[in-house]
Amino acid sequence: MPSHNGNGATAPSGFSGARRSIGSPQFSIRRMEVDALSVSYATREAVKSVSLPIRQGEVLAMIGPSGCGKTTLLRSLNRLTELTRTARVSGRILLDDVDIGLIEPTLLRRRVTMVFQQPNPFPMSVFDNIAYVLREQGSRRQRRKTLEPKVHSALDRAGLFEEVKDNLDHPALRLSGGQQQRLCIARALAAEPEVLLLDEPCSALDPQSTQVIEDLIVNLRDDVAVVIVTHNLQQAYRIADHVAFMYLGDLVEYGAATTLFGSPREKRTQEYVSGAFG
Amino acid sequence: MEEAHLPEEYGPRWSDQRAERLLGALVCAVVVLLLALIVTVFWRAWPSFAHNGLAWFGAGGNVDDQINRIYLSGLGGEGFVYTFHAWQLLWSTFLITGGAVLLAFFSSLFVAVFLVEFAPEPMSNVLAPVVRFLASVPSVIYGLLGVLLVVPFIGNHLVTEPQRASVAGVISLSGYSLLAAVLILALMIAPLMTSIFSDGIRSVRPGWLEGSLALGVNRWRTTWKIAVRTARPAIVAGTVLATARAIGEAVMLAMVSGSVAFAPNPADGLIFIFEPSRPLAPTIVKNIDLLGSEPANNTLFAIAAVLLFSATMFSLAGWFARRSMRKYGATA
Amino acid sequence: MGAPVATPPMPPPSGGFPRKPSKGLPQSASTWHLSDRIGLTICWALGLLFCAIAVAIVAYLFVQGIKYLRPEMLFTPATAGFSQGQTGGFSDAFFGTLIVATMGIAIALPVGVGVAVWLVEYGRPAALARVTESTIEAIAGIPSIVLALFGTVIFSSAALGFLSRTSEGVVFGRSFFGASAMLSLVALPLVVASTREGLSAIPQHVREASYAVGKTKIATTRRILLPAARPQVATGAMLGLGRIIGDTAIIVVLLGATQNFAPVEGAAFPFNYLRGAGTTLTNFVYEASPTGNLNQPEKAYAAAFVLLLMVLALNAAVDVVHRRARKVGTWSS
């Protein structure tokens with residue numbers, strides 16, 4: 001069933017059967033602005049002068065073949081690139097019109113949180129995983145009673161609460177892969193961020209879990225700006241409002257998902273999207 | 001496996017069977033040696049335990065007097081005297097080992113965290129060799145510095161006259177003390193703990209640390225709440241191994257803790273840390289000339305048996321802890 | 001509708017996260033609380049304290065050692081005298097250290113390497129392998145004073161009387177042989193652990209390549225694996241040496257409380273010395289300190305200085321071996 005969008009164009013042949021899970025966004029607020037960002041590791045340029053906006057109210061997907069710089073770009077949004085000593089960053093990234101270079105990294109990372117490719121729940125109970133984020137932000141030891149509602153609400157937003165509500169004190173490592181990843185998402189949401197970054201969150205999961213997480217991501221876009229890096233083109237088509245295609249460090253094309261997949265401007269985009277290279 | 005006829009230049013033709021049998025015999029010999037050691041020590045110790053029963057571990061009388069009586073009875077013609085109540089030695093061992101392990105534990109934990117996470121590179125390039133150096137200094141040198149520097153300092157500058165007078169009849173506060181022993185013993189075992197702790201902290205899954213940082217938790221909290229918490233088995237192992245080492249330390253303590261058997265009394269207040277005492281291991285060293293007398297020989301072996309049992313138990317416990325961690329992928 | 005970018009921003013529906021005020025300046029509203037800062041200060045303080053103590057130990061011993069050490073002390077035996085200046089040197093102690101170190105490692109090295117080879121290359125039956133591992137760990141944990149006492153039993157037996165002095169039918173039991181034998185046990189676990197590490201690091205395909213050309217396991221081990229593990233074996237030997245020369249308890253018990261060599265009369269050289277009693281630097285320091293019999297602190301410092309230099313030299317050697325091994329590179333597994 002071909003999808004309909006404003007242009008009236010239909011999806012390209014690769015996506016003719018695919019359905020978009022995501023409707024048009026209700027609203028959009030510009031949260032972050034990437035302005036001529038370049039990142040290089042020692043001698044290698046990973047990201048070359050990229051500019052794009054990140055908005056609350058919509059999902060931004062970054063696609064491209066391996067090594068194109070999409071993960072590096074994602075990691076520079078919360079200054080995780082600084083953990084690598086050889087990284088050099090130039091250009092600006094603004095969060096709510098403030099250069100993130102001026103914000104203390106730890107504070108920045110509470111407003112821009114990240115979920116990683118490999119689920120990494122801490123070796124604690126489910127409750128403590130979420131409570132960890134809440135506890136380590138305040139100086140006073142908070143009682144469990146105070147934390148409970150926030151933990152429950154974070155789990156609820158991640159769609160995990162029903163499944164674990166009776167086992168909140170069980171070790172998180174005993175959850176299944178999909179549940180662990182949703183726990184990581186709940187953890188990231190517990191910090192009440194403005195932007196949520198996801199680095200190939202489903203690549204280590206089975207299709208059922210992937211489906212669940214994709215629905216979850218779509219539902220989150222009103223609350224947080226979502227940026228997801230994925231190498232799965234179908235996934236990007238299903239859940240993204242905007243797509244950025246990167247190749248060898250350059251931002252080749254940025255546009256609405258339906259446009260980019262339907263009638264991309266650049267030839268390279270067309271080739272990638274139709275599977276000519278990967 | 002058949003021995004092929006190889007030309008001379010391939011060297012001596014040892015078959016694998018022969019080699020395996022020989023090496024196996026060597027290994028068995030080592031195991032038998034250890035068993036012989038254990039059996040010998042306990043067999044020699046038995047008369048002392050048998051004659052005293054559980055009172056061996058109890059209090060009563062002064063250990064030095066008892067040893068003297070035991071020794072003399074071995075030389076004379078009348079029956080052997082075995083009466084021995086080791087409580088003063090046990091209490092001294094407990095206090096000194098406990099104090100040193102406690103002090104070294106906190107210091108080593110902070111130093112290990114510092115070394116792995118927070119020390120800038122020039123600092124860690126200095127601190128790591130320093131820790132290795134401190135671990136390799138012979139105990140007799142620690143003892144020498146203790147007896148020539150620490151003990152006089154405590155005796156002359158820390159102990160006050162009124163304090164000395166208050167216990168004058170019972171014991172003399174000359175600087176040979178609990179404090180000196182605990183401080184130097186802590187210094188001796190801290191490097192061992194530091195290296196085991198830092199190995200454990202270093203081997204935490206980096207994904208957890210990155211994940212914690214990416215949630216906006218600062219590096220200090222991340223290190224302590226995730227890395228140190230996960231490295232708990234290594235921390236246990238390090239503590240236990242250091243305790244084994246502390247229990248077995250004889251020479252340095254012989255030089256520094258005092259030459260009298262005495263049970264320091266916490267009820268004495270602050271003076272308590274200045275009181276001399278002598279734990280189990282140095283007692284053997286100090287009385288080593290008495291081995292010729294049969295009952296004294298048995299008594300010293302009994303003390304050795306207690307040392308052997310406790311130190312070996314702690315060592316094996318620490319080793320098991322390290323091995324079980326290796327099973328889960330962490331190294332220690 | 002076209003690209004959503006053109007839509008004017010609308011207020012988010014209720015339930016969305018509120019906009020957080022931007023924290024402008026870098027140091028304000030810092031995320032390190034007071035307890036965190038105190039903790040980091042403690043880290044620095046302790047780190048610096050350890051360094052300071054190490055420097056103080058080395059510096060103090062150097063200063064005192066240079067003050068009191070005269071080269072001839074290494075070559076003059078100790079004699080009785082009234083003041084410290086008249087009591088000669090400690091050559092017997094110095095050579096005593098060299099002797100026990102040589103003999104101790106001469107026993108520990110082959111035995112340790114043999115045990116390690118068996119554990120890594122053979123290891124059957126598995127139960128024996130586990131028992132062996134536990135044994136080595138247990139030996140590592142035995143206090144040296146207990147090893148010393150055990151030594152007195154062994155070497156006082158009539159069967160081993162040839163290793164020490166016998167007078168009036170009573171075997172004395174104290175000799176270089178006895179002390180070195182027990183000291184080798186102190187070094188053994190270090191040699192075993194280090195050699196095992198070295199052998200285990202060699203990937204399996206190296207062994208298989210050797211077996212594939214018809215070499216026996218033992219030949220492979222001798223000619224390929226052990227030479228490849230040379231740095232680790234050397235490290236283990238040097239660590240063991242360090243422990244041996246630093247040990248005092250075994251010396252005090254098993255070498256006799258003398259200041260000089262006490263060779264056995266009537267035996268051939270060198271066995272007359274090796275069967276006799278003697279002393280080492282550690283024992284000398286112990287005796288010369290106020291708690292010992294001599295109370296000659298100046299000579300104690302001098303001997304301690306020499307001992308420290310030997311330990312530092314061994315440490316430096318271990319470092320050099322490590323650095324050179326790293327430069328050579330590792331196996332591609």
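The values are calculated or read from the model by the stated rules, or taken from the named source; none is laboratory data. Nothing here was measured: the structure is a model prediction, and the numbers come from that model. Positions of Cβ are generated from backbone atoms using ideal geometry, with glycine treated the same way; all protein chains shown enter the neighbour counts.
Screening the stretch C:213-264 for helices (runs of 4 or more DSSP H) wholly inside it with 2 or more residues that are more than 21 Å from the chain's Cα centre (by Cα) and not small (Gly, Ala, Ser) returns the ranges C:217-220. Each residue in the stretch A:211-236 was checked for being hydrophobic (A, V, I, L, M, F, W, C) and under 21 Å from residue A:73 (Cα atoms), and 9 pass. In the set (1) at pLDDT 85 or above; (2) β-branched (Val, Ile, Thr); (3) surrounded by fewer than 18 Cβ atoms within 10 Å (Cβ to Cβ), residue C:100 fails one condition alone, (3). Of everything in the stretch A:103-158 that's among the polar types (S, T, N, Q) and either part of a loop (DSSP other than H, G, I, E, B) or touching a Ser or Thr at 6+ places or on another chain (Cβ under 7 Å) (or both), which residue is nearest to residue A:188 (Cα to Cα)? Across the stretch A:103-158, the extreme among qualifying residues is A:120. The residues of the stretch B:38-53 that are in contact (Cβ under 8 Å) with a residue 60 or more places away in the chain and not aromatic (Phe, Trp, Tyr), listed by number, are B:38, B:41, B:44, B:45, B:47, B:48.
Against the definition (surrounded by 17 or more Cβ atoms within 10 Å (Cβ to Cβ) and over 26 Å from residue A:252 (Cα atoms)), how does residue A:103 come out, yes or no? When the stated conditions are applied, residue A:103 passes them. When C:185, C:147, C:160 are checked against the criterion of being part of a helix (DSSP H, G or I) and without any contact (Cβ under 8 Å) to a residue 60 or more places away in the chain, a single residue qualifies: C:160.
Just one of the numbered conditions (1) more than 8 Å from chain B (Cβ to nearest Cβ); (2) touching a residue at least 60 places away in the same chain (Cβ under 8 Å); (3) touching a Leu at 6+ places or on another chain (Cβ under 7 Å) is not true of residue A:126: (2).
State all residues of the stretch A:159-173 that are in a loop (DSSP other than H, G, I, E, B), within 17 Å of residue A:185 (Cβ to Cβ) and touching a residue at least 40 places away in the same chain (Cβ under 8 Å); if no residue qualifies, say none.
Hits for the stretch A:159-173 are A:159, A:168.
Checking each residue in the stretch B:212-225 for being assigned to a helix (DSSP H, G or I) and either within 10 Å of chain C (Cβ to nearest Cβ) or surrounded by fewer than 24 Cβ atoms within 10 Å (Cβ to Cβ) (or both) picks out B:213, B:219, B:220, B:221, B:222, B:223, B:224, B:225. Within the stretch B:98-126, the residues that satisfy the criterion of being crowded, with 20+ Cβ neighbours inside 10 Å and within 7 Å of chain C (Cβ to nearest Cβ) are B:107, B:110, B:111, B:113, B:114.
Filter the stretch B:261-302 down to the residues that are part of a loop (DSSP other than H, G, I, E, B) and farther than 24 Å from residue B:154 by Cα, then identify the one that is farthest from the other protein chains (Cβ to nearest Cβ). Taking the candidates together, the pick is B:293.
Collect the residues in the stretch A:266-278 that are part of a loop (DSSP other than H, G, I, E, B) and loosely packed, with under 13 Cβ neighbours inside 10 Å, keeping them in residue-number order. Explain how you work it out, then say what you get.
Here is the first cut: in the stretch A:266-278, the ones part of a loop (DSSP other than H, G, I, E, B) are A:266, A:274-278.
Residues satisfying the conditions are A:275, A:276, A:277, A:278.
Considered as a group, the residues in the stretch A:211-243 that are among the polar types (S, T, N, Q) and outside any helix (DSSP H, G or I) include one that is farthest from residue A:192 (Cα to Cα), and that residue is A:232. Under the condition of being more than 17 Å from residue C:241 (Cα to Cα) and more than 8 Å from chain B (Cβ to nearest Cβ), the residues counted in the stretch C:291-313 number 10.
Exactly one residue among C:209, C:234, C:179 is in contact (Cβ under 8 Å) with a residue 12 or more places away in the chain, more than 10 Å from chain B (Cβ to nearest Cβ) and under 29 Å from residue B:18 (Cα atoms), and that residue is C:234. Is it true that residue B:236 is more than 14 Å from chain C (Cβ to nearest Cβ), of a type in the set (Val, Ile, Thr) and surrounded by fewer than 22 Cβ atoms within 10 Å (Cβ to Cβ)? So residue B:236 passes the test.
Taken over the stretch C:67-88, residues that are within 12 Å of residue C:298 (Cβ to Cβ) and at pLDDT 75 or above amount to 5. Within the stretch C:216-231, the set of residues being crowded, with 19+ Cβ neighbours inside 10 Å and free of Cβ contacts under 8 Å to residues at least 60 places away in the same chain comprises C:216, C:218, C:219, C:220, C:229. Scanning the stretch A:257-270 for residues that are touching a strand residue (DSSP E or B) at 6+ places or on another chain (Cβ under 7 Å) and free of Cβ contacts under 8 Å to residues at least 24 places away in the same chain yields a total of 5.
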